Each structure stands twice: as structure tokens, then as C-alpha cells.
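Enquirer: Mind looking over this structure? Questions follow.
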Amino acid sequence: MKVILQKDIPNLGDAGDIKDVADGYARNYLLPKKLVLLANESSRKAIEHQRKLIKLKKDKRKKESEKAAEALNGVEIQIEAQVGEEGKLFGSVTSMDIAAKLLEKGIEVDKRKILLDAPIKQEGEFDITIKLEEGLNAQIKVSVVKG
């Protein structure tokens with residue numbers, strides 16, 4: 001079944017693309033969630049207009065993400081934690097803790113966008129990546145100190 005994607009769908013395509021998908025996938029998942037339109041002549045004309053609007057929205061989001069990346073790059077935060085022998089923490093520092101410290105500085109970041117391989121369990125300095133829209137990333141420095 002040929003469909004026109006209304007939104008970006010991982011592993012399928014970007015909004016505005018015309019894709020051939022399984023009938024059941026389209027009928028049971030994509031169409032009820034209004035993620036696609038059936039590809040016919042009238043919907044193809046409408047989608048051309050929608051592609052232009054989507055491109056404008058993406059450009060706007062990219063500019064906003066670039067501004068956010070500039071504001072975040074180089075930001076340093078300090079988190080105080082209880083530290084035991086050999087610099088090991090009692091507990092850990094998570095993305096939620098980092099997001100809370102950034103919020104105290106007036107920078108709002110969703111904790112899910114803070115990329116940590118594992119919670120921080122050592123005292124020291126760490127470079128943390130924050131994933132922004134449109135494939136942009138920002139780097140911040142987190143210092144975990146004895147509190």
C-alpha cells in the first residue's frame with residue numbers, strides 16, 4: 001500500500017515521503033494514529049504544500065537548536081555529593097540531578113536529552129553530551145565534589 005508520511009517515523013522515513021508499506025501495518029497502525037495518508041493524486045498535491053510547511057518548521061527548529069547549543073556549550077556545573085573512601089559516591093549522580101542543576105542556572109533541559117552511559121559514581125570532572133533537536137549536540141562539564 002502506498003502512503004504519504006505525515007510525520008517523521010523512525011526506520012521508515014521523513015514527513016512528506018511516499019513509501020510502500022504492508023497493508024496491515026498501514027491499516028492497523030499508521031492510519032489510525034494519523035501518521036500517514038493514502039497516496040492518491042489529490043493527496044499528492046496537498047502533500048507538496050505540506051512539505052514546504054514542514055521544511056519551514058524544520059529550519060526554525062534548527063535555528064532554535066543552534067541558539068540552545070551556543071548557550072549550553074561550555075557551561076560548567078558543580079554537584080555536591082557524599083563521597084566515601086577512594087572518591088566513590090554514596091549513591092550516584094543521574095541525568096535528573098544534572099537537569100535540576102541546569103534549571104537552577106536558568107537553563108531548562110529535558111533529562112532524557114542528557115546522554116549518560118551510566119550514572120556517575122565517582123568524584124571528579126566529566127564531559128556530558130546533551131542531545132538537541134536536528135542532530136545538534138552540546139557539551140557541558142559536570143564537576144562532582146565532596147559535599
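The values are calculated or read from the model by the stated rules, or taken from the named source; none is laboratory data. Keep in mind it's a predicted model, so treat the numbers as computed, not measured. Cβ: placed from backbone, ideal geometry, glycine included. Neighbour counts: every protein chain shown.
Enquirer: Please verify whether K131 is out of contact with any helix residue (DSSP H, G or I) (no Cβ under 9 Å at 6 or more places or on another chain) and not assigned by TED's automatic domain parsing to the domain that holds D14, treating the condition exactly as stated.
Expert: Working: out of contact with any helix residue (DSSP H, G or I) (no Cβ under 9 Å at 6 or more places or on another chain): no; not assigned by TED's automatic domain parsing to the domain that holds D14: yes.
No, not satisfied.
Enquirer: Next question, about the same structure. Show me the strands (runs of 3 or more DSSP E) entirely contained within segment 52-147 in which 2 or more residues are in contact with an Asp or Glu (Cβ under 7 Å, 6 or more places away or on another chain), touching a residue at least 12 places away in the same chain (Cβ under 8 Å) and of a type in the set (V, I, T).
Expert: Passing ranges, in order: 137-146.
Enquirer: Let me ask something additional. Assuming V145 fulfils every condition listed in (1) modelled with pLDDT under 90; (2) farther than 26 Å from P10 by Cα; (3) in contact with a strand residue (DSSP E or B) (Cβ under 7 Å, 6 or more places away or on another chain) apart from one, which condition is it?
Expert: It fails just one condition, (1).
Enquirer: Considering only segment 2-11, state which residues are surrounded by 16 or more Cβ atoms within 10 Å (Cβ to Cβ) and in a loop (DSSP other than H, G, I, E, B).
Expert: Narrowing segment 2-11 to residues surrounded by 16 or more Cβ atoms within 10 Å (Cβ to Cβ): 3-6, 9.
Selection gives Q6 alone.
Enquirer: Sticking with this structure for a sec: I'm trying to understand the selection: among the residues of segment 32-51, which are among the hydrophobic types (A, V, I, L, M, F, W, C) and touching a residue at least 24 places away in the same chain (Cβ under 8 Å)? Don't jump to the end; show me each part of the working.
Expert: In the first step, residues of segment 32-51 are kept if they are among the hydrophobic types (A, V, I, L, M, F, W, C); the result is 35-39, 46-47.
Correct list: L35, V36, L37, L38, A39, I47.
Enquirer: Give the residues of segment 8-65 that are among the hydrophobic types (A, V, I, L, M, F, W, C) and in contact with a strand residue (DSSP E or B) (Cβ under 7 Å, 6 or more places away or on another chain), sorted by residue number.
Expert: First, pick out the residues of segment 8-65 that are among the hydrophobic types (A, V, I, L, M, F, W, C): 9, 12, 15, 18, 21-22, 26, 30-31, 35-39, 46-47, 53-54, 56.
Result: L12, A15, I18, V21, A26, L30, L35, V36, L37, L38, A39, I47.
Enquirer: One residue is enough: does segment 53-72 have a residue meeting the conditions over 16 Å from the mean Cα position of the chain (by Cα) and among the polar types (S, T, N, Q)?
Expert: No, there is no match, as no residue in segment 53-72 is over 16 Å from the mean Cα position of the chain (by Cα) and among the polar types (S, T, N, Q).
Enquirer: Could you please give the count of residues in segment 106-116 that are loosely packed, with under 12 Cβ neighbours inside 10 Å and either modelled with pLDDT of 90 or more or among the acidic types (D, E) (or both)? Working first, answer last.
Expert: The initial filter retains those residues of segment 106-116 that are loosely packed, with under 12 Cβ neighbours inside 10 Å, namely 106, 108, 110, 112, 115.
Narrowing the set further to residues that are either modelled with pLDDT of 90 or more or among the acidic types (D, E) (or both) leaves 108, 110, 112, 115.
The total comes to 4.
Enquirer: Another question, if that's okay. Please determine, by comparing only the residues of segment 22-46 that are surrounded by 15 or more Cβ atoms within 10 Å (Cβ to Cβ) and within 25 Å of K58 (Cα to Cα), which one is nearest to the chain's Cα centre (by Cα). Working first, answer last.
Expert: Step one: filter segment 22-46 for residues surrounded by 15 or more Cβ atoms within 10 Å (Cβ to Cβ), giving 26, 30-31, 35-37, 39, 43.
Within this subset, residues satisfying the condition of being within 25 Å of K58 (Cα to Cα) are 30-31, 35-37, 39, 43.
On the way: L30: 22, L31: 25, L35: 20, V36: 22, L37: 26, A39: 30, S43: 30 Å.
Here the answer is L35.
Enquirer: Based on this model, can you work out whether A15 counts as surrounded by 12 or more Cβ atoms within 10 Å (Cβ to Cβ), in the same structural domain as A138 (by TED's automatic domain parsing) and within 30 Å of L136 (Cβ to Cβ)?
Expert: On the way: surrounded by 12 or more Cβ atoms within 10 Å (Cβ to Cβ): yes; in the same structural domain as A138 (by TED's automatic domain parsing): no; within 30 Å of L136 (Cβ to Cβ): yes.
Against the criterion (surrounded by 12 or more Cβ atoms within 10 Å (Cβ to Cβ), in the same structural domain as A138 (by TED's automatic domain parsing) and within 30 Å of L136 (Cβ to Cβ)), A15 does not qualify.
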